[in-house]
Amino acid sequence: MLSRLDFGFPRRSFYQLIYRSFCLSFCRSFGLSFYLSICLFICGATLVTPSTAVAVEERTVGQHVDDATLSTSVKYYLARADGVPFGSINVEVHKGYVQLSGFIHKRTQKEAALAAAATAQGATGVNDGLVLTEIPRTLGHFIDDQTIQAKLKTRIGETLGVTTAVAVVTHVRNGEVIVAGFVDSADERAAVVNTAQSISGVEKVYNRILLRDSR
């Protein structure tokens with residue numbers, strides 16, 4: 001896992017990791033399918049054809065590239081920061097504005113993560129979408145959470161379309177859900193929250209979704 005990245009590894013391996021992270025962030029910013037993003041992440045592919053790209057919002061190609069580059073930079077600083085559970089934190093960027101989301105255990109971890117993200121060159125601000133939780137997760141809870149996660153992403157796609165499903169980030173732990181990322185309207189944000197609340201087994205929903213036009 002990236003949270004256990006050993007910076008004593010050969011330099012080539014480290015740069016391959018950063019490059020593949022860039023590819024994944026770039027695909028997500030363009031709204032490509034989850035499976036295509038994973039393929040590019042694994043293979044390190046460099047070609048994205050117009051037929052596979054889906055325009056999700058008004059950013060220019062240059063802004064997409066800048067945001068993908070910044071996302072990779074933020075992940076690099078998070079991986080280097082002491083005590084930060086890098087593997088538990090998702091990074092989203094829109095026009096230079098960074099959002100961190102996920103469940104973490106300690107306030108010191110949150111503070112360290114936000115500080116690390118703010119040091120990335122090009123970051124115009126950092127939004128705190130992190131939620132503190134101290135409740136341990138059993139194997140049964142983990143399995144239930146995976147079921148909720150799958151239902152939630154499917155339901156968002158069916159209700160609001162693939163574009164929104166790709167743009168919205170979801171985290172599930174012990175039946176609690178974080179919805180984060182950037183969407184176009186307050187109605188779209190409310191629909192995502194309502195969808196999450198309608199899933200069987202969901203006990204609480206943390207709304208951390210931001211509006212693109214407010215950035």
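Coordinate-derived values only; no laboratory data. As the structure is a prediction and not an experimental result, all values here were calculated from the model. Note that we place each Cβ from the backbone using ideal geometry, even for glycine, and neighbour counts take in every protein chain shown.
Whole-Hz Karplus values for the range 177-182 come out as 10, 10, 10, 9, x, 10 Hz, taken residue by residue from phi with 6.51 cos²θ - 1.76 cosθ + 1.60 and θ = phi - 60°; glycine and proline positions read x.
In a reduced charge model with +1 at each Lys and Arg Cβ and -1 at each Asp and Glu Cβ, the range 139-214 shows a dipole moment near 100 debye about its Cα centre. Legend: P(r) of the range 115-215 from all alpha carbon pair distances, 5 Å bins from 0, whole percents, reading 2, 12, 22, 21, 18, 12, 9, 3, 0. Using a cut-off of 15 Å between alpha-carbon atoms, which aspartates and glutamates can reach residue 151, once sequence neighbours fewer than 8 places away in the same chain are excluded? Filter leaves 176, 203.
Close amide-amide hydrogen proximity is noted between residue 97 and 124, each under 5 Å apart and 5 or more residues distant or on a separate chain (H modeled in the peptide plane; Pro and chain starts excluded). Ordered by the count of other Cβ atoms within 10 Å of each Cβ, fewest first, 66, 187 give 187, 66.
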